[in-house]
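The structure under discussion appears below in the form of structure tokens.
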Amino acid sequence: MMDAAQSGLSLLEIAARLADILPVEVAGDATCRVVQAGALESAEPGQITFLSNPKYRPYLKTTRASAVILTPAMAAELPQGMAALLTPNPYLCYAHVVAILSPPARKPPGIHPAATVDEGAVISSSCHVGAGAWIGAGATLGERVEIHANAMIGEKVEIGADSVIYPGVSIYPGCRIGARAIIHSGVVIGSDGFGFVPEGGEGGWVKILQKGAVVIGNDVEIGANTCIDRGAIDDTVIGDGVKMDNQIHIAHNCVIGEHCALAGCVGLAGSAKLGHHVMLGGSAMIHGHISIVPHAEISPGSLVTNNIKEPGKYTGIYPLDRHEAWLKNAVFLRRLEQMAKRLSALERALNEQGHQGN
Amino acid sequence: MMDAAQSGLSLLEIAARLADILPVEVAGDATCRVVQAGALESAEPGQITFLSNPKYRPYLKTTRASAVILTPAMAAELPQGMAALLTPNPYLCYAHVVAILSPPARKPPGIHPAATVDEGAVISSSCHVGAGAWIGAGATLGERVEIHANAMIGEKVEIGADSVIYPGVSIYPGCRIGARAIIHSGVVIGSDGFGFVPEGGEGGWVKILQKGAVVIGNDVEIGANTCIDRGAIDDTVIGDGVKMDNQIHIAHNCVIGEHCALAGCVGLAGSAKLGHHVMLGGSAMIHGHISIVPHAEISPGSLVTNNIKEPGKYTGIYPLDRHEAWLKNAVFLRRLEQMAKRLSALERALNEQGHQGN
Amino acid sequence: MMDAAQSGLSLLEIAARLADILPVEVAGDATCRVVQAGALESAEPGQITFLSNPKYRPYLKTTRASAVILTPAMAAELPQGMAALLTPNPYLCYAHVVAILSPPARKPPGIHPAATVDEGAVISSSCHVGAGAWIGAGATLGERVEIHANAMIGEKVEIGADSVIYPGVSIYPGCRIGARAIIHSGVVIGSDGFGFVPEGGEGGWVKILQKGAVVIGNDVEIGANTCIDRGAIDDTVIGDGVKMDNQIHIAHNCVIGEHCALAGCVGLAGSAKLGHHVMLGGSAMIHGHISIVPHAEISPGSLVTNNIKEPGKYTGIYPLDRHEAWLKNAVFLRRLEQMAKRLSALERALNEQGHQGN
């Protein structure tokens, strides 16, 4: 059990810090101190938790947490003696509270002696450059940028203030990244787009040199091992606030609007364009040159082969079944047109009989 | 041709080493020496091969191998003069024989001068740390651990004895890996889970700091460029003996049971739970918060959107067809409900006619 | 606007350089100088563009480019005063012109002092080895090979002349790569194939040591974060001229024929064999031990579960629909066999009625 009395913050202090961000009120003992955030079921005394989904209400009675974040409407269900933050969107509030209670550790400023930094790179004294990192000529880092161990920053790359580049990231020359980016290990930004022209017949492929760059806005997070190709002529563009999960593939000349959220294993073929606030479920794939309107949502595992012109949710997956049942049914997929024709023939035949019967 | 007489091991010696592992008997010349393992069709004299699938029996007559591993039931088919190991599971025996004949080369102990190891890291003198590797404060390596070139081991990471971390692996702070792990190049362990709360409307996403870790059991192998995210609050957990192929994505708070086998390009969304011995075919995808019972098997390319409560094999893929045929049939997928209704209407109509006819 | 008069090349000079590669003629002012290539819509004066798809003809009138590449058949549509290169395949010509106007920058020869090169490695003085790169014993680099920052080249790896290995690539021991390869960041070549034998029942998996290598031909390009596993006994083989996009997974013992093109997120299971000139669309997946004939094309998102014996285009994807519509239709996928039986029963019943009616 943590000694919440000796550290952490009181609900009053937390509410004060949240005041400019979202509406929040304290219920119960405002001096209640919490040191950490926890899940409703596993939180310990000294922790603050949240209740968002009404179906978890029963856990309110059993949680060991010292305080809970919930809606004013649910305040009546607070157990005797439990303190609370009341706010319209408890989950959103919770995200902020986690960051207030345990802000991410920042790496200390300074360039590690085992880093290799080109003389021509522009690096503020507030930046951190880790062991084995390599920074090419003409690269420019904003204030407090962190380049972790063994990350590779190509020539003339620009990275905005407060961005964190995790170990082993590779950014190709000339790419530009905004402020407050979080780029996870294994990410590759600016590799060549997949552009080749067939010589025809039994000949090979001639590479089209990829002369564009990747331009990434502010507040973008990119998950582990995701890669974003540079444009062929124009740039590949990632808007402000975009969040990408792991193992994503963004081909050359894609344009991703602000605040899009892309789940793991998603793939976008060349020149695909997402409007703002588009959400792509895990392993969704977007064909080349496709446009998707703002606020559209693609289900996991779905393939988008045509432009999407209306917001809403779109799905195209084959439902899972027991293998034997699937085997029996799937064979008829190849006969659907034939079945439809037989159905029409039956309707005509029955209709004729009906007429004959009249 | 290799000079098998001068090196390698005799079948008797091999059988002795296998004695504690599996039932095995020598047939034919027990002094026959073999230096290496090979495939039935391409093995050369001095090599030992195996016959597991009865359909390859004819190759027994033509193989140039000096010895073969096969079941006692097939011993009668041994060509004159060929030595053999008889064992109920020849393929399993073969796997052990390969390891006995040519055990993997181990890197020599010692820390390369071009490695960067924090003073606070705990590294046994039996460990290998390669050039360019970076090991953070408080990291702890068991006996004989190998950290290859340019691998990145975060603060307070723990790695069990005899584990091999290949070049360029990135392990985030606080993650724990058991003994005898094999982690291939490009693997990322402990990157942030994909956790964001929408501000709503035209607003953006607020990051939920990811405070859990990744905890990996003993005897786990992880293929190239796979990534495993750290948990949001609790840990992401990988059980003992789990084998993962390349390009896999494991989201935050997944729990993978012992001895699961995950083929290439698989994706697990957040909080998915696999019972022990689950097998996932290549590029299978598991939705968030899904549970799968032990010993279930998911076919390649299938998407699991509901809990799986019974063992067995499950499939959900659209069968491949010639493009023109697919085009014709696929259009009717959007009319299946309508076709079913027409079918019911026909049945009713015919039924009425039948009654009228009576 | 660029000062095209002072630099770049005249159309005459470009045509001369192309003379040995493809048929090309100059139309209009052969002294017209161009410095760069650009897109039809966004090109500026001083740039050369191309027109391949007839539907973009209208842009010929509005482009600001100084010259255009197009077919002789379209020469009549050239605006007054615009110079042109006439050639049967403008896009192919364009690819060559981009490379002539702005050839890729080469890294200077020399080994960076922060690189770690084993004494036993064979490296020509024309090679570049970047900071943090590691090259193992017995590795051999051809003339002008570039090993960029933090790339990892295992023992006894061979790399042919003029190949470029981008930052952070990992090549395992004993793999061989031909001339003029382009290997992008995050690529892993030669990691262990996924080979395990189940002990059976509640037991685990026994690793089959992977003793083959990866052998890659000439003129191969491999996209970011793609990985290619080494063979179990024999080698994994990639033919001359193969082009692979990002995030691809090639399992052990695959054999990929010359000039195949694999788009992003593709996966090949073990021992899959592609004939030459096979094209795989994005995220296509190939089952293990499958063979595909030369010149076959697999659509994006399709899964190949059987051998493909005839060239042509193959598809197997579930078409996207609005989620509600998909929900209604998808439920009938599990009843297709039943629907087919009801259809047959109706046909029989109607047929009998017909006979009764006669």
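The values are calculated or read from the model by the stated rules, or taken from the named source; none is laboratory data. Quick caveat: nothing in here was measured; it's all calculated off a predicted structure. Note that each Cβ is placed from the backbone with ideal geometry, even for glycine, and that neighbours are counted across all protein chains shown. Each accessible area value is taken on the protein alone, full model and side chains, heavy atoms only, with ligands, DNA and RNA left out. Shrake-Rupley method; radii C 1.70, N 1.55, O 1.52, S 1.80 Å.
Legend: residues B:Lys313, C:Lys107, sorted from most to least accessible area (1.4 Å probe; ligands, DNA and RNA excluded), read B:Lys313, C:Lys107. The string of couplings for segment A:331-347 from the Karplus curve (6.51, -1.76, 1.60, θ = phi - 60°) is 4, 7, 4, 7, 10, 5, 4, 4, 4, 5, 5, 5, 4, 5, 4, 4, 4 Hz, one whole number per residue in order, with x for Gly and Pro. Sorted from greatest to least, the principal axis extents spanned by the alpha carbons of segment C:259-358 come out as 64, 34, 21 Å.
The stretch between A:Val122 and A:Ala16, if pulled fully straight at 0.36 nm per residue, gains 34.3 nm over its current Cα-Cα span.
Loop exposure criterion: GluC sites (Glu not before Pro), DSSP state outside H, G, I, E and B, at most 12 other Cβ atoms within 10 Å. Applied to chain B, the longest stretch between such sites is B:203-358. Take the Cβ atoms of C:Glu77 and C:Glu324, set R0 to 30 Å, and the FRET efficiency comes out at 0.05. For chain C, the dipole from Cβ point charges (+1 on Lys and Arg, -1 on Asp and Glu) about the Cα centre works out to 920 debye, to the nearest 20. Near the amide H of C:Val129, within less than 5 Å, lie the amide hydrogens of C:Gly110, C:Ile111, C:His112, C:Ile147, all on another chain or at least 5 residues away, with H placed in the peptide plane. Computed from label points 7 Å out along Cα-Cβ, the spacing between A:Ala345 and C:Gln338 is 2.5 nm.
Placing +1 at every Lys and Arg Cβ and -1 at every Asp and Glu Cβ, with all other atoms neutral, what dipole size does segment C:119-219 have around its Cα centre, in debye to the nearest 20? The calculated dipole for segment C:119-219 is roughly 100 debye.
Is chain B best put as rounded, prolate or oblate by its Cα gyration tensor, with a ≥ b ≥ c the root eigenvalues, rounded for a/c under 1.5, and otherwise prolate when a/b is larger than b/c, oblate when not? Oblate, since a/c reaches 1.5 and b/c is not below a/b.
Look at the dipole of segment C:296-346 built from charges on Cβ: of C:Gly312, C:His323, C:Met339, the Cα furthest out on the positive end belongs to C:Met339.
With its label point defined 7 Å out from Cα along the Cα-to-Cβ axis, C:Arg64 lies at 6.9, 6.9 nm from the matching points of the other copies, in increasing order. Rounded to the nearest 10 square angstrom, A:Leu86 shows an accessible area of 30 square angstrom against a 1.4 Å probe. Buried accessible surface for the C/A chain pair comes to about 5700 Å², total over both chains, computed with a 1.4 Å probe. Ranked from shortest, the separations from the 7 Å Cα-to-Cβ label point of C:Tyr91 to its equivalents in the other copies are 4.3, 4.3 nm. Buried on complex formation within segment C:227-275 (loss of at least 20 square angstrom of accessible surface versus the isolated chain, 1.4 Å probe, ligands and nucleic acids ignored): C:Cys227, C:Ile233, C:Asp234, C:Lys243, C:Asp245, C:Asn246, C:Gln247, C:His249, C:His259, C:Ala261, C:Cys265.
Could you let me know the centre-to-centre spacing of segment A:147-176 and segment C:200-240, using Cα atoms, in angstrom? Taking the Cα centre of segment C:200-240 as reference, the centre of segment A:147-176 is 30 Å away. Altogether, the Stokes-Einstein calculation at 37 °C and 0.692 mPa s, with the Kirkwood radius of segment A:222-275 over Cα pairs as Rh, returns a diffusion coefficient of 305 µm²/s. Counting only Cβ charges, +1 for Lys and Arg and -1 for Asp and Glu, the dipole size of the protein assembly as shown around its Cα centre is about 2440 debye. Rg/Rh, computed from the Cα trace of the protein assembly as shown with Rh as the Kirkwood radius, has the value 1.00.
Ligands, DNA and RNA left out, the accessible area of segment B:76-175 computed with a 1.4 Å probe is 57% carbon and sulfur.
Rolling a 1.4 Å probe over the protein heavy atoms gives segment A:219-358 an accessible area of 35 Å² per residue. Here segment A:72-105 is scanned for amide nitrogen atoms under 15 Å from the site 7 Å beyond the Cα of A:Tyr59 along Cα-to-Cβ, giving A:90-92, A:94-95. Per residue, chain C reaches -4500 deg cm²/dmol at 222 nm when only DSSP H runs of four or more residues are counted, each adding -39500 (n - 2.57). In the assembly of identical copies, A:Val122 has its label point, taken 7 Å from Cα in the direction of the beta carbon, separated from the corresponding points by 4.7, 4.7 nm (ascending, one decimal).
Note on A:Asn306 and A:His289: their simple-model spin labels are 1.6 nm apart, each label 7 Å out from Cα toward Cβ. On a 23 Å Cα-Cα criterion, which of the cross-link pairs A:Lys207/C:Lys156; A:Lys313/C:Lys328; C:Lys273/C:Lys309; B:Lys156/C:Lys211; A:Lys61/B:Lys273; B:Lys341/C:Lys328 come out too long? Among A:Lys207/C:Lys156; A:Lys313/C:Lys328; C:Lys273/C:Lys309; B:Lys156/C:Lys211; A:Lys61/B:Lys273; B:Lys341/C:Lys328, the Cα-Cα distance tops 23 Å for A:Lys207/C:Lys156; B:Lys156/C:Lys211; A:Lys61/B:Lys273. Applied to segment C:134-141, the Karplus parametrisation 6.51 cos²θ - 1.76 cosθ + 1.60 on θ = phi - 60° returns per-residue 3J(HN,Hα) values of 10, 10, x, 4, x, 5, 10, 10 Hz, with x for Gly and Pro. Please work out the C-alpha center-to-center distance from segment A:296-339 to segment C:11-68 and express it in whole Å. For segment A:296-339 versus segment C:11-68, the Cα centre distance is 44 Å. With the dipole of the protein assembly as shown worked out from charges on the C-beta (+1 for Lys and Arg, -1 for Asp and Glu) around the Cα centre, which of C:Ala181, B:Ile182, C:Ala76 lies farthest toward the positive end? Ranked along the dipole, the leading option is C:Ala76. Take each residue in C:321-328, count the other chain C-beta atoms within 10 Å of its C-beta, and the mean is 6. Positive-end ranking of A:Gly231, A:Ile250, A:Val206 along the dipole of segment A:197-253, with charges on Cβ about the Cα centre, is headed by A:Val206.
Rounded to the nearest Hz, the phi-derived 3J(HN,Hα) couplings of segment B:104-110 under the Karplus curve 6.51 cos²θ - 1.76 cosθ + 1.60 (θ = phi - 60°) are x, 5, 9, 6, x, x, x, where x marks glycine and proline.
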